[in-house]
Amino acid sequence: MFDYLVVGAGLFGSVFAHEASKRGKKVLVIDRRSHVAGNAYTENVGGINVHKYGAHIFHTSNKEVWDYVCQFAEFNRYTNSPIARYKDELYNLPFNMNTFNHMWHVKTPAEAMAKIDEQRAEELAKLAGREPANLEEQALSLVGRDIYEKLIKGYTEKQWGRKCSELPAFIIKRLPVRMVFDNNYFNDKYQGIPVGGYTQVVEKMLSGVEVRLNTDFFEQRSALAAEAKKVLFTGMIDEYYDYRYGELEYRSLRFETEDLPQENYQGNAVVNYTEAEIPYTRIVEHKHFEFGCQGGATTNHTVVTREYPVGWKRGDEPYYPLNDDKNNALYAKYKALASQERNVIFGGRLGMYKYYDMHHVIAEALACAKKELEG
Ligand code: FAD
Ligand code: UDP
């Protein structure tokens, strides 16, 4: 008999399993995929760690979380600085003095501010003091029309499959606007990529824990649940309840990966394609996550992945929860059911239906483990 059955070997399940096992609990971890690490999974292809489910850059300002992950790997000093490509133009992200200089030839923060104010004026007048109600209003009131139309609209509408005017404003709040020449995408204090990839980090978390791969909870639900006193479920909460109140909405992705016989394809780990006409949102060149710090390419081939956003239907991978008001209200109904469970805990991006980054998931898993295991 196990103390815990953990459904999902992603970061939430693996951190919880590690903490429980460390405290002497007997834990069984299952995953329906053929590997551990969930969406953070990396696979070594001829010396290059390929991020199989999209670019994963670790960043946090939470020292406890940073110290926690650093137990399992050395992190390099990779700094995410994606390039946005709009037709033949290349811009630096996040929106900073380099972007503004390239867009408008402004050279000082005062000139950039004046240009942004001019661009925002129309939208601010339209809002007349009220808060932006959707992503389009948020973007136009933050950076104005030129940046919105070249760098936000096409990308966002591809990514989410909806018009910007029908998307929640919070999605764009992740993108900082800076009046300095600084292409570091994140504002966080700590950032990096684990040397050797993420999979070994999770394997270390799970060392000494029984793991069964290719095992879907729903295919042997009662037999598996009978093996443990409690279940930690990190899959989709609506699927757990057999979609009783209806489906939550997700966004899925299709990845197209190529191994190319050249050293350097695009000179950067991430290039976003922001125009609507190109069907993918970004091309990731994986070697730059780990070799960038050492000043260049060290293998004679390179692996690149195009990321195509696609609609989600049952059976597809639910990469992104769609946290708008409608879905959050539906999630609240599932959460109310979950709160009545005595022997099931829900966690992670799918169990909590939240657009979480890795550091959020680790912080939540540590808090969950503390509450559960230390009372
Ligand atoms: P997951 O990683 O989704 O793990 C859940 C696991 O449960 C999966 O392995 C799944 O197979 C398994 N499972 C589900 N249902 C069942 C079932 N019925 N039976 C058995 N197993 C089941 N975060 C960052 O911090 N930085 C980034 O740069 C970043 N980039 C991202 C890019 C993309 C394209 C995506 C999709 C996410 C990105 N994230 C990033 C977010 C990050 O992936 C998540 O925060 C984190 O991996 C979530 O961990 P988790 O354990 O909650 O879920
Ligand atoms: N975004 C954009 N243009 C870009 C990159 C991002 O408009 O070139 C917007 C888009 O709405 C996206 C959001 O910013 O959904 C967050 O993007 P990010 O890459 O930070 O998040 P991720 O997709 O990795 O979760």
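At-a-glance table
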item	result
Cross-link pairs beyond the 29 Å C-alpha cut-off, checked among LYS333/LYS370; LYS26/LYS189; LYS107/LYS158; LYS313/LYS335; LYS163/LYS189	LYS26/LYS189; LYS107/LYS158; LYS163/LYS189
Karplus-derived 3J(HN,Hα), 6.51/-1.76/1.60, for each residue of the stretch 118-126, Hz, glycine and proline x	4, 5, 7, 3, 4, 5, 5, 5, 5
Rounded FRET efficiency, nearest 0.05, which uses the C-beta distance separating LYS313 from THR257 and R0 of 22 Å	0.45
Evaluated at q = 0.10, 0.15, 0.21 Å⁻¹: base-10 log I(q)/I(0), Debye formula over Cα of the stretch 151-249	-0.61, -1.05, -1.13
Interatomic Cα distance distribution for the stretch 46-178, bins of 10 angstrom, percent	10, 33, 31, 19, 6, 0
Computed magnitude of the charge dipole of the stretch 298-375 (debye, nearest 20; Cβ of K, R +1, Cβ of D, E -1)	220
Efficiency of FRET between ASP242 and LYS126 - r from beta-carbon atoms, R0 41 angstrom, step 0.05	0.35
Estimated translational D of the stretch 226-375 in µm²/s (Stokes, Kirkwood radius over Cα pairs; 25 °C; 0.890 mPa s)	134
Centroid-to-centroid separation of the stretch 222-236 and the stretch 87-132 [C-alpha atoms, Å]	51
Loop sites in the stretch 57-89: trypsin sites (Lys or Arg not before Pro), DSSP, at most 14 other Cβ within 10 Å	ARG77, LYS87
Cα-centre dipole for the chain with unit charges at Cβ (Lys and Arg positive, Asp and Glu negative), debye to 20	800
Centre separation in Å (Cα based) which lies between the stretch 157-212 and the stretch 245-279	14
Tilt relative to the chain, helix 325-339 - C-alpha long axis, 0 to 90 degrees, to 10	20
Unit charges on C-beta of K, R, D, E only; dipole of the stretch 133-174, Debye	140
Viscosity 1.306 mPa s, temperature 10 °C, Stokes-Einstein D of the chain from Kirkwood C-alpha radius, µm²/s	72
FRET E, pair ASP146, GLU43, Förster distance 45 Å, beta-carbon r, rounded to 0.05	0.70
ARG23-LYS173 pseudo-label distance in nm [points 7 Å out on the Cα-to-Cβ vector]	3.2
Segment ASP3-TYR355, length gained on full extension (0.36 nm per residue, minus Cα span)	123.8 nm
Label-point separation, ASN214 to SER61 (7 Å along Cα→Cβ), nm	4.6
In range of the label at THR299: residues from the stretch 45-70 whose backbone nitrogen is under 18 Å from the point 7 Å along Cα→Cβ	45-57
Peptide ranges 309-320, 33-44 listed from the most packed, as the mean C-beta count within 10 angstrom indicates	33-44, 309-320
Interchain or long-range residues, amide H under 5 Å from TYR78's placed H	ILE193
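Read-outs: derived from the displayed coordinates by stated rules, not from any lab. What you are looking at is a predicted structure, and each value in this text was computed from that prediction instead of being measured. Note that each Cβ is placed from the backbone with ideal geometry, even for glycine, and that neighbours are counted across all protein chains shown.
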